[in-house]
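Written below as structure tokens is the structure these notes are about.
The values are calculated or read from the model by the stated rules, or taken from the named source; none is laboratory data. Everything numeric in this text was worked out from a predicted model, so none of it was measured. A quick note on method: Cβ atoms are made from the backbone with ideal geometry, for glycine too, and the neighbour counts reach across all protein chains shown.
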Amino acid sequence: MAGGAAAFVKAAEGAEDNARAGEEDLKSIGFGEQDALVGIAASGRTPYVLGGMAYAKGLGAVVIGLSCTRNARIAMTTELATLQSLRGAVLGTGGVLVLALALVAYLVTSQVVRPVRRASSSR
């Protein structure tokens with residue numbers, strides 16, 4: 001998330017406009033070619049998301065994009081088909097997108113991050 005974990009509690013104004021920060025955040029967590037990245041940007045053109053996705057694609061990682069607009073720039077960054085919902089087609093699309101993000105974050109945290117941290121701390 002643009003602005004890091006602190007942005008979940010307090011907005012990090014302008015963080016989403018920094019494409020380099022998307023790449024740097026992935027580097028800081030050791031993101032590699034064996035990983036997969038789901039980039040989510042309602043507009044389909046958020047620099048932070050696009051920067052992270054370009055970095056991941058350059059490594060050869062699986063890159064998936066979610067946006068709420070047709071022909072979004074995010075689609076050009078992915079190798080897999082990007083899921084795009086039409087603006088106004090479904091009332092509450094933004095809410096569905098946020099719920100999908102929350103579910104993905106929960107699953108990744110509970111099924112990947114926590115077990116890896118436990119395994120690395122027991123060494």
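Can you tell me which residues in region 49-68 are more than 16 Å from residue 21 (Cβ to Cβ), touching a residue at least 24 places away in the same chain (Cβ under 8 Å) and either assigned to a helix (DSSP H, G or I) or among the charged types (D, E, K, R) (or both)? Result: 59, single match.
Within region 34-48, the set of residues being buried (at least 21 other Cβ atoms within 10 Å of the Cβ), of a type outside the set (Phe, Trp, Tyr) and within 14 Å of residue 18 (Cβ to Cβ) comprises 41, 46.
Being part of a loop (DSSP other than H, G, I, E, B), surrounded by fewer than 17 Cβ atoms within 10 Å (Cβ to Cβ), modelled with pLDDT under 85 and of a type in the set (A, V, I, L, M) is the requirement here; does residue 80 meet it? It would help to see each step written out before you state the result.
Working: part of a loop (DSSP other than H, G, I, E, B): yes; surrounded by fewer than 17 Cβ atoms within 10 Å (Cβ to Cβ): yes; modelled with pLDDT under 85: yes; of a type in the set (A, V, I, L, M): yes.
Yes, satisfied.
Only a single item in (1) among the charged types (D, E, K, R); (2) out of contact with any Leu (no Cβ under 7 Å at 6 or more places or on another chain); (3) modelled with pLDDT of 85 or more is not met by residue 10, and it is number (3). Between 67, 85, the distinction of being at pLDDT below 75, among the polar types (S, T, N, Q) and surrounded by 14 or more Cβ atoms within 10 Å (Cβ to Cβ) belongs to 85 only.
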